[in-house]
Every structure is written in C-alpha cells, then in structure tokens.
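Laboratory data are not the source of any read-out in this text; all were calculated from the coordinates shown. Please read all numbers here as calculations on a predicted model, not as lab measurements. Neighbour counts run over all protein chains shown; Cβ positions are idealised from the backbone, glycine included.
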Amino acid sequence: MMNHLKNLCMINGASGDEGSVRNYLISNLDSKAEYHTDNLGNLIVFKKGRKSPSKKIMLDAHMDEVGLIVTSIKEDGTLTVNEVGGVDPSVVTGRQVVIGKNGLSGVIGSRAIHNLSTEEREKVPSMESIYVDFGAENKEDAEKYVSPGDYIYFLQSYEEFGDGFVMSKAIDDRFGCALLLELINSNLEYDAYFTFSVQEELGLRGAKTAAFAVKPDIAIVVETTTASDINGVSGSKRVCELGKGTVVSFMDRSTMYDKELYNIAFEIAENKHIPCQTKTMIAGGNNSGAIHVTGCGVKTIAVSLPCRYLHSPSCTANTSDMKSCLELVSELLTRAAEL
Amino acid sequence: MDLKKVIFELSEAKGVSGSEENAAQTALKYLKNYTSDCLIKNGNVIGHFGKRSKNIPHILIDAHIDQIGLIVTAITDDGFIKVSNVGGIDRRLLPAQRVVIHGKKDIKAVVSSVPPHLAGSEKGKALKIEDICIDAGMSRDDLLLYVSAGDKISFDTTCRELLNGRITGSALDDRSGVASVLYALELLDMDNLSCSFSVVFSTQEELGERGAKIAAYEINPDIAIAVDVSFAYTCGDKEYECGKLGNGPMIGISPSLSREISEKLIDVCCDKNIPFQREVMHGLTSTNADQFSVNREGCKACTVSVPLKYMHTPSEVIMLEDVRHTGELLAEFLRRC
C-alpha cells in the first residue's frame, strides 16, 4: 500500500484531470477484477469474493486532488490562475509549480519583501493577485506552451520524515485510492464494488454518478480528514490527532453517519485493538454527502486518515494511522456484508 | 566552466547567515581552481590574486555567501520547534513550506499551519514569527537528540530551469553573485593583470554586512566592488525603482558610492557591448558596499548587481545571461585597473 501511495501522490490529477490517476489504478488492478469507466470519468471496479453478500457493498475513494487552473495569459507572459478545490493562497505563494501536460516548471511570483509596505507584509495575497511565471518572454511566447484551462500543480515531492511520518501533495485522497487498491488485490471474503471517483473537491460530483451506477445498500468512504493537532491549538479544536489511529466521525458538514455502522466500527476497533478516534468538531465533508442520499438512501460510514496541512503541497500523515485505516476498513467490509 | 551547473550547486548548498560552512566550502572548492592562496577565515572565503605593491591599486571583489533562513529558539513539550527569522523572511509564504533543520544531522520538516476553517479572524493574515512552528514529526525527546536552540533552518528547495535561460531556486541571492565572480576568474589571464586583487565570499550580509566589515579591514583595498543581486521588475512594483531581468548587470550609482568607479564600469560595458542597467540609489545601498566605502581610511566602492525576481522567497528567479554578463564586466574591469 505504501508503494502505491507514493506512486499515486507523485501523479498529477486535479478535479477534471484524473486520467493519469485512473490509468495507474487500472494498470495495477488484479486481473480478476472487473472494471469500467463511466461518462464522468469514475473508475468502477467489481471484485468477487469467496461469498456473495445479501447486501451490495461499495467502497469509495476520490482520485482528484486540489490544484490551480490557468484562467488567462497576461501581456508579460505570466499566467493568471484560480483554484480547483480549496487552495489557500498562503500555501502556494512563492512556491515552485508544474504547469500543464508537458510539466513545465514555473513559480508563483511574490514581490520582494523589501518593497512591500508594512500593511502588505501582514496580508496574505488574494487568489486574484496570484500569477505564475514560467519564464515566457511575453504573451505570444507563453501561448506556444500554455493555454487557458491548463492545470497547475504543486511540485511533486514525497518525503518520509520524523517518526513514521509522510509528507506530500495529494495524500487527500490518494491514500484512499491506495487502500482500495490494496483491498482489491487481496483475497476478499465477500464481493464488493470499488469506486474511484472524480471531482470530489468541486463538491462531491463524481460520487453522485458512481453511487447511482452501483446502487449500493452500504457504502464505506475512505478519505483523509483535517487534523489540527499542532502547537498552539488545544482541546476540541485539534479535531483529531496523528498517531491516535483511524478517524470515524458521527457527523460532519455533509453527512449524519449511519449510527449502526458507527457503533460497529468502534466495536471492531475495541475487539481487534485497532487505534480509532472520532472528530471533536463538526467540520468538513466528503463523498458520503453525495452517496448516502443516492436512490432510496445508502447506509454510509467514512473511515479517514488524520492529516495535517490538508490541501497544501505538504499534507502530513502518519504511517501507523494508515495501517489502522486498512485494518478497520477490511474488518468493516466483512461485518457490513454480514448485516 | 559550466556556469549553470555552478549556479545550481551553489544555490543548493546551504548557508544561513552565521552557518555558511556548506556554501563556503562549495565556493572555496571552485575558488581553488584559480588561486592556491585561498582559505576560509572567520567564515569569509578569501582568495588573493597577483602580487600586491604600493604602486598599484588593490581591488576587492565581493559577493556574500550567506542566505536568509530561520533559527531554532525552543522546542515545545509537544515536539514542535519555535523559531525566529535570520534576515528578511516573508512570513506570508511560510505555511506548509518544506524546510531542512540543520541540527546534528539534517532533518526534513514542514512549517506548521492552522487549517483555514480554524483560523477565525486570523484568516488572510501573515503568521507572526512567534506563532510559527516547525513540525518535524518527532517527539520532544527525539528532537532533543538532534536539534538545539541556535540551529539554522533553510528552505528545502532545489534549483530548476524555466524557459528562456531563466533559473529558479532559493539563495540565488547571492549565490548568483558568487557564480558571476567565479566566472570572471575563469575569463581572466592572471599573468597579464596590472593590478592585484582579492576575492571575498562574505558571511552575514543579511544580518547587516558583518562579514564584509572584517574582510575589508583585513584586505584594506583601494577599490571594492560588492557583487550582489537587486530587484528585477515584478508585477506590482514601480518600474522606475527596478531593473529588468535579462537587461544585464545593474551598476550602482549613489551618493554613497564612488562615481568614478560607477563611470568606469559603465565605460567597460559600452566599450565591450555588455548590456547593463543603471541602478540609481539616493543614499546607502543595503549591500556590502556600505561597509567597504568607510573601511579604514576609505575605499572607492561600487555595486554590481544581478537582476533577480522574487527576492528572499524559495523561488527566486534569475537569468543565466545576466550572470554571464556580470562576470564579463568584472573581468574586463579588473583588466583595466
């Protein structure tokens, strides 16, 4: 799983540009898995287990990551951009980036601090004021290489550091993709559907059509979630903590999770000694929001990896939590099939 | 010499002010190709050329070897590292920035940041330096094995090529100046020079030109050139206050500099068709030249600067041709002294 995670994080695939992620997943699928890609770009996989459950189970992870998109080319050859998904300007200002299909190098320019007013020095630039400089002499020169609509990505760099930590762009949600791939390529007890969905970062759009196609009874969404367990943040505002295991929440801004599945998750965690925690703030959302209201309704649970600095070039997570997520999801899949 | 390779190597070497050893050793390695009379003294890399005599001028060619960064001030109980700035850090671009802590060993880490939905009224504001924490993914006890107060921290970036001969990286302020001086040495035929000169790659410029002060005292030059970087026009700047990337070295003109040397540098460019730009300042220059001019009994000082965009960010941008032209200017200037 860790090898797939690293490879997946190094691939560029913002919302609407998930093709390379999908190709990687397809080329690494177990030969016994059946799959198809729907009109929106979702990769839908079916894998037979030893038994067929009475209920249809679906596991979901989203393929897309946050990024930027070129909105126009300025006369001086620099590019205006806007965010694809939630990107805070403070995590892109002054950074190296990669542009378009050809992977051109660029930087997000930032005026020298020497030339800023006292007021300007204290204010993070707005997304409207951000531009990308890739060395083009002028607009005409730039147009040879870049078109409006091209994607801009954080520079790829996957780093293992500290005591079992990993930092990279796109851990949200390539971790979920890596975990699902691991399950598909294992010997499953029960048949299951796996959806690798597009456009989560734009508002849970891919999961809507994927869930419509699969029509599951039960869904397990594998995600990453914001941890704020950093210095200076205390109590419930820490939301969840790295190293304390997988995260199962009872409610977020998209979903009121199925109580039965929530209770089962913690029961499994306790019995199997899998570190597991819940979120101490009602915040964020994920594909569960689209899935649980599909058709006549789907019993849904989300199992998440706690992650610091989400939506930045340096999403930070702990490998021990990744292991906890994998263990819990495997057990949940079996238990859900027996409901 | 492969100038681009030298720039990359110098840019990726580390040398936050006061801890320049790694960058200084890299520069010294190249300097040794041109003189055996060179060493690192009190942090400054110093090399001497030609035979010094009372009747001929002695010239100092300087570029600073240090870079901006952060310094460890404390380790918190929950394993985060508190810091202060070394030189002019832009705090607005620190969140989620990759860094390297230069402790007993180099440790990769990331600048911690509060998620936007928890930032509240602080959203959109730059972090205060006292609120900045570094996350090395380690407990306090583990950190204490490798990290101590006073250790330096630098941006974890590599040098990369952009289109049209542009290069991006950190510490191009002033490693591109160092590279231009080395390129000048490459161009010179030392046996046919009528002057003697010393090269200094000086420490702690970013803290107030401190290395330059002691180097100038020791060398006691008649003429000194501070080779640094200066502002290339960037969107939002006032055009009349900046140079332009690709338009050649910026020659300083200021009441605090020697007009004679400024004119001489301009003459060299005109004669040799080297592109150049006049950088007019109205007082001090905020470069090592400010120290050189008032050294001992005074010295004729001037600045020559490589135009650079996005100064003090991890993504500074220069143009290779500007570095090359700066080297050509320095070499020809020395031939004429």
task: Please report, in whole Å, how far the alpha carbons of the stretch B:89-136 spread along each principal axis, starting with the longest.
output: 39, 20, 15
query: What is the mean number of Cβ atoms from other protein chains located within 10 Å of the Cβ atom of each residue in peptide A:144-151, rounded to a whole number?
result: 0
query: At a Förster radius of 35 Å, what calculated FRET efficiency corresponds to the Cβ-Cβ distance of B:S53 and B:N273, to the nearest 0.05?
result: 0.60
statement: Rounded to whole Å, √(5λ) for the Cα gyration tensor eigenvalues of the stretch B:49-146, largest first, gives 39, 19, 10
Semi-axes of the equivalent ellipsoid for the stretch A:147-288, Cα gyration tensor, largest first, Å: 24, 24, 17
task: Please report A:I130, B:I318 as a ranked list, fewest other C-beta atoms within 10 angstrom at the top and most at the bottom.
output: A:I130, B:I318
- line: Fewest to most Cβ atoms within 10 Å: B:E263, A:E270 sort as A:E270, B:E263
field: Cβ-based exposure ranking for A:D30, B:D228, in which fewest neighbours within 10 Å come first
entry: A:D30, B:D228
- line: By the mean-Cβ-within-10 Å protection proxy, highest first, B:134-146, A:3-15, A:58-70, B:183-195 rank as A:58-70, A:3-15, B:134-146, B:183-195
query: Out of every Cα pair in chain B, what percent are spaced more than 34 Å from each other?
result: 25
message: If N is the number of residues in the stretch A:1-75, what value comes out of its Cα radius of gyration divided by 2.2 N^0.38 Å?
response: 1.41
- prompt: Cα to Cα, under 12 Å, and not fewer than 8 places away if on the same chain: which aspartates and glutamates meet these conditions relative to A:K55?
  reply: A:D191, A:D217, A:E338
- line: A student asked for the Cα radius of gyration and Dmax of the protein assembly as shown in angstrom ought to give 28.5, 101
message: Inside 10 Å of the C-beta atoms of A:314-320, what's the mean count of C-beta atoms belonging to other chains?
response: 3
task: Ignore the peptide's own chain and count Cβ atoms of other chains within 10 Å of each Cβ in B:229-240; give me the average, rounded.
output: 3
- line: Beyond 22 Å, the calculated P(r) of the stretch A:77-211 holds a percent of Cα-Cα pairs equal to 56
- prompt: Helix-derived [θ] at 222 nm for chain A: sum -39500 (n - 2.57) over DSSP H runs of at least 4, divide by residue count, nearest 500?
  reply: -7500 deg cm²/dmol
